[in-house]
Amino acid sequence: QGKGDHQRVGIVGVSHGGYLSALAATFSNRFRAAVMISGTSDWALNYYLADTRKWMQQYLQSSPWENPEIYQRSSPMTYLTKAQTPLLIQHGEKDQRAPVAQAYQLFRGLRDVGVESRLVVYPETGHGISTPNQFRRCIEETLAWFSRWLWDE
């Protein structure tokens with residue numbers, strides 16, 4: 001008791017945390033399962049589609065045409081061929097901060113390289129999962145995903 005099982009470690013995050021979950025899931029095999037909620041998978045795509053261009057220029061200290069390498073190096077999509085971690089992607093259909101195209105792109109890419117993934121898109125929902133019913137479903141989807149990959153034997 002009181003000790004963690006380092007073989008059963010998962011990661012979950014929302015928004016920028018969702019991006020970090022996706023990055024961890026594609027960049028390393030440290031986690032047994034991951035959940036990305038309302039995250040970014042491709043910073044250049046996000047620059048052109050999202051409502052946060054000025055923030056991204058500050059965060060990555062450049063625009064995609066001035067320094068495409070930093071946008072690529074920081075994007076989970078870049079590491080698809082290394083990806084092994086099963087990833088649950090949950091996203092709002094009307095997300096302006098990290099448009100849902102990010103979710104579809106990552107889901108398709110993971111499937112194409114043979115990584116187990118699941119995509120849940122919440123209709124009429126923006127950035128984050130905010131209605132009580134959808135929030136409950138988000139929690140249930142996350143628990144079911146971790147139950148499958150972390151706790152089931």
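Points worth noting:
- Criterion violated by L143 - all others in (1) open to solvent by 30 Å² or more (accessible area, probe 1.4 Å); (2) aliphatic (A, V, I, L, M); (3) farther than 18 Å from L20 by Cβ; (4) in contact (Cβ under 8 Å) with a residue 40 or more places away in the chain satisfied: (4)
- Matching entry among R136, R111 (being open to solvent by 20 Å² or more (accessible area, probe 1.4 Å) and either assigned to a loop (DSSP other than H, G, I, E, B) or more than 18 Å from S28 (Cα to Cα) (or both)): R136
- Cβ pairs under 6 Å, 6+ apart, first in segment 110-132 and touching a residue at least 60 places away in the same chain (Cβ under 8 Å) and closer than 26 Å to T85 by Cα, second assigned to a helix (DSSP H, G or I) and not β-branched (V, I, T): I129/F135; I129/C138
- Residues of segment 75-100 satisfying the condition of being over 26 Å from R8 (Cα atoms) and either open to solvent by less than 30 Å² (accessible area, probe 1.4 Å) or within 12 Å of the chain's Cα centre (by Cα) (or both): G92, D95, A98, P99, V100
- All positions within segment 1-20 that are part of a strand (DSSP E or B), aliphatic (A, V, I, L, M) and without any contact (Cβ under 8 Å) to a residue 40 or more places away in the chain: I11
- Unique residue being assigned to a helix (DSSP H, G or I) and of a type outside the set (V, I, T) when the list is Q58, Q90: Q58
- Qualifying residue in segment 38-59 (condition: touching a Lys or Arg at 6+ places or on another chain (Cβ under 8 Å), closer than 21 Å to F146 by Cβ and not β-branched (V, I, T)): yes
- Exactly one residue among L49, L45, L60, L23 is open to solvent by less than 30 Å² (accessible area, probe 1.4 Å) and in contact (Cβ under 8 Å) with a residue 12 or more places away in the chain, and that residue is L60.
The values are calculated or read from the model by the stated rules, or taken from the named source; none is laboratory data. Note that the structure is predicted; figures quoted are calculated from it, not measured. Cβ sites come from the backbone with ideal geometry, for glycine too, and all protein chains shown count toward neighbours. With ligands, DNA and RNA removed, areas are computed over all heavy atoms of the protein, side chains included. Shrake-Rupley method; radii C 1.70, N 1.55, O 1.52, S 1.80 Å.
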